[in-house]
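To keep things clear, I will list the structure first and then write my remarks on it.
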Amino acid sequence: MGKFTLITRAGEAIQIAGRADVPLMEIIRDEGHDELMAMCGGCMSCATCHVYIDDLPNGQTLPELGPDEDAMLDASDYRKPSSRLSCQVPWRDELSGVTVHIAPEE
Ligand code: FES
């Protein structure tokens, strides 16, 4: 199953268990962290699920950024190279050990 570390906007570090094929956004929300607003429910029209994902352990890579996700992130004032929409990143065990930061609120 594996776990990741979530860093909240207040800087609190929380260990969360992954769930296979479930988007990070849903896992974070199901843990009760509603500062990740995810207003559109994962249909990629809000960007309120913006996170920064640190480099993966062991040289693993994330699923490639698609053009629609890229365009949504471009609209953010807080975009960084590590930015992703957490609704577009499904959990897989290879992500175990990664750190995910909730991006600032727009
Ligand atoms: S939840 Fe709206 S874009 Fe991810």
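Results, tabulated for the structure shown:
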{"quantity": "H50 long-range amide H proximity, modeled H, under 5 Å", "calculated": "S86"}
{"quantity": "Simple Cβ-charge dipole of the chain, Lys/Arg +1 and Asp/Glu -1, about Cα centre, in debye nearest 20", "calculated": "200 debye"}
{"quantity": "Over the chain - Rg/Rh using Cα atoms and the Kirkwood inverse-distance radius", "calculated": "0.92"}
{"quantity": "Length-normalised contact order for the chain - Cα pairs under 8 Å, 6+ apart - percent", "calculated": "42 percent"}
{"quantity": "Contour excess over end-to-end distance, with Cα ends at D30 and S76 and 0.36 nm allotted per residue", "calculated": "14.1 nm"}
{"quantity": "Rounded to whole Hz, the Karplus (6.51, -1.76, 1.60) HN-Hα couplings of segment 67-78, x for glycine and proline", "calculated": "x, 5, 5, 4, 5, 5, 5, 4, 7, 8, 6, 10"}
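Read-outs: derived from the displayed coordinates by stated rules, not from any lab. From a predicted model like this one, the values you see are computed outputs, not experimental measurements. For neighbour counting, all protein chains shown are included, and Cβ atoms are generated from backbone atoms with ideal geometry for every residue, glycine included.
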